[in-house]
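S.K.: Let me begin by handing over the structure; questions about it come next.
The values are calculated or read from the model by the stated rules, or taken from the named source; none is laboratory data. Here the structure is a predicted model, which means the values were calculated and not measured. Neighbour counts run over all protein chains shown; Cβ positions are idealised from the backbone, glycine included.
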């Protein structure tokens with residue numbers, strides 16, 4: 001900067017803020033633009049709007065051309081697809097460069113969308129990074145809406161990439177979402193084309209059927225009462241998906257219960273192949289049948305024959321695979337290794353990485369060490385546990401974590417109660433409770449997690465007595481083995497009932 005130029009930017013910003021305040025107080029009569037949003041009118045200055053927003057620059061220039069021969073030079077604009085409170089925040093930003101993050105996540109996301117529409121680029125970039133860095137949990141809960149909106153503008157590219165990473169790591173977030181029916185067909189088709197086994201084939205099929213039924217206009221779910229029009233509509237909606245379903249990996253029971261009722265909409269050749277496969281003993285799938293989906297993160301086995309000393313020569317006359325195992329192992333240098341350390345696990349249901357993840361949820365952090373002690377209060381088989389025994393061992397112990405392995409599936413469910421169980425037979429309010437589920441056989445047990453915080457804080461925990469149930473809202477009722485998606489944000493199971501094989505209850509103590 002030249003020594004003879006003085007910049008007093010704070011004064012300029014102060015004047016612009018005062019100009020905006022006067023507009024809010026209706027003390028400014030030199031405005032020349034009125035903007036109508038919903039039932040509310042906002043006053044503004046065309047020169048500032050055009051300078052700060054490409055959207056308004058184009059809109060105002062077009063309006064000026066239209067009004068060229070009109071005596072009244074004041075401009076009236078109308079924005080039809082925006083909330084007035086959201087627009088008010090955008091207008092404040094246009095004048096002052098400031099906006100508040102105090103609103104809830106839905107409001108801030110609407111603000112993000114509005115900023116893109118109005119071409120407030122810096123605001124878009126800031127909010128996009130804010131959601132990616134601070135609101136991943138909210139994005140996962142609202143993944144379908146967020147991802148589909150991110151496809152609408154190149155300005156949302158970073159958010160789109162973030163959503164794709166979440167989907168790639170766990171497509172179940174999409175398939176088990178309450179808004180699954182709103183998913184665009186092109187996105188659903190891309191997911192079903194995947195070769196990895198993110199859900200069993202029958203679950204993919206049943207979710208697809210549910211999605212088809214719920215598109216507009218809805219189609220009668222009772223296939224026995226379908227008319228020809230229902231068959232045609234259903235067949236048109238599902239046609240593109242059929243070639244990508246691995247029908248021949250579905251069990252005969254599931255085929256009979258969930259696929260066969262829809263055979264009218266399947267290609268006749270496929271129906272003939274399926275019925276031969278299920279009815280003829282030792283029948284094989286046809287040569288063109290899709291292979292089963294690959295189990296996710298299958299660890300590749302390393303052949304013993306790949307072990308070779310870095311200094312070992314190889315000769316064309318003696319291919320490596322023809323060498324004896326003893327010959328190769330003889331070439332591997334012997335290394336003195338320290339004895340293995342065996343630590344008795346804290347839990348027989350979850351491992352240390354899963355425990356670390358749960359500890360992070362309790363502390364509301366993304367990473368770091370385990371800052372909580374897990375003190376075992378009770379464990380065993382659920383059918384041998386009575387309400388009296390549970391309350392004798394677990395009442396008045398402060399915050400607790402309940403873990404349970406589901407019978408016949410090895411899936412794990414759990415919930416965190418930040419308060420004490422007291423046998424009060426009353427609801428306990430909380431903003432910190434949560435429930436979750438994951439596959440016990442996933443990689444280190446942290447890939448297929450479905451995590452859900454409380455939605456209705458007044459019904460977070462039901463603290464039943466020795467004659468009643470205990471539960472996390474009405475979502476997980478443990479003694480009766482019932483699941484309903486009611487009080488917590490996300491659905492963590494795709495069944496209504498469950499049987500607990502084993503359970504553990506831990507007291508949670510902060511480390512100091």
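S.K.: Taking the residues in region 126-147 that are closer than 17 Å to residue 89 by Cβ and touching a residue at least 12 places away in the same chain (Cβ under 8 Å) as candidates, determine which candidate is surrounded by the most Cβ atoms within 10 Å (Cβ to Cβ). Walk me through how you get there before you give the answer.
M.R.: Our first condition is that a residue be closer than 17 Å to residue 89 by Cβ; within region 126-147, this holds for 126-128, 130-131.
Still in the running and touching a residue at least 12 places away in the same chain (Cβ under 8 Å): 127-128, 130-131.
Values: 127: 23, 128: 21, 130: 13, 131: 20.
By that ranking, first place goes to 127.
S.K.: Criterion first (surrounded by 14 or more Cβ atoms within 10 Å (Cβ to Cβ) and either closer than 23 Å to residue 498 by Cα or at pLDDT 95 or above (or both)) does residue 374 satisfy it?
M.R.: Here the answer is no, as residue 374 does not meet what is asked.
S.K.: I've got another one for you. Anything in region 243-254 that is farther than 16 Å from residue 199 by Cα and in contact with a helix residue (DSSP H, G or I) (Cβ under 7 Å, 6 or more places away or on another chain)? List them, or say none.
M.R.: Looking only at region 243-254, we keep the residues that are farther than 16 Å from residue 199 by Cα, and these are 243, 252-253.
Passing the criteria: only 252.
S.K.: Could you check, for region 192-202, whether at least one of its residues is loosely packed, with under 15 Cβ neighbours inside 10 Å and touching a strand residue (DSSP E or B) at 6+ places or on another chain (Cβ under 6 Å)?
M.R.: yes
S.K.: Could you pull out the residue among 60, 64, 35 that is buried (at least 16 other Cβ atoms within 10 Å of the Cβ), touching a strand residue (DSSP E or B) at 6+ places or on another chain (Cβ under 8 Å), under 13 Å from residue 77 (Cβ atoms) and at pLDDT below 90?
M.R.: 60
S.K.: Across region 468-481, what is the total count of residues that are assigned to a loop (DSSP other than H, G, I, E, B) and on the phi < 0 side of the Ramachandran plot?
M.R.: To start, the set of residues in region 468-481 that are assigned to a loop (DSSP other than H, G, I, E, B) comprises 468-470, 473-475, 478-481.
Keeping just the survivors that are on the phi < 0 side of the Ramachandran plot gives 468-470, 474-475, 478-480.
Within region 468-481, residues that are assigned to a loop (DSSP other than H, G, I, E, B) and on the phi < 0 side of the Ramachandran plot number 8.
S.K.: Can you tell me which condition residue 99 does not meet? The list is (1) at pLDDT 90 or above; (2) not in a loop (DSSP other than H, G, I, E, B), and all the others hold.
M.R.: So residue 99 meets the others, but not (2).
S.K.: Looking at 465, 447, 494, which is the one that is at pLDDT below 90 and within 18 Å of residue 391 (Cα to Cα)?
M.R.: The unique qualifying residue is 465.
S.K.: Moving to a separate point now. Need the failing condition index for residue 480 against (1) at pLDDT 90 or above; (2) farther than 30 Å from residue 196 by Cα, just the number.
M.R.: (1)
S.K.: Now for a different question. Which of the residues belonging to region 482-512 are buried (at least 17 other Cβ atoms within 10 Å of the Cβ), out of contact with any helix residue (DSSP H, G or I) (no Cβ under 7 Å at 6 or more places or on another chain) and assigned to a loop (DSSP other than H, G, I, E, B)?
M.R.: The answer is 485, 491, 492, 493, 498.
S.K.: Same structure, new question: Taking helices (runs of 4 or more DSSP H) that do not extend beyond region 167-268, which have at least 3 residues that are in the same structural domain as residue 287 (by TED's automatic domain parsing)? Working first, answer last.
M.R.: Numbers: elements: 172-175, 185-192, 201-214, 228-238.
Because the criterion is at least 3 residues that are in the same structural domain as residue 287 (by TED's automatic domain parsing), the helices (runs of 4 or more DSSP H) in region 167-268 that meet it are 185-192, 201-214, 228-238.
S.K.: Of the numbered conditions (1) farther than 24 Å from residue 212 by Cβ; (2) within 14 Å of the chain's Cα centre (by Cα); (3) exposed (fewer than 15 other Cβ atoms within 10 Å of the Cβ), residue 122 fails exactly one; give the number of that condition.
M.R.: The number of the failed condition is (2).
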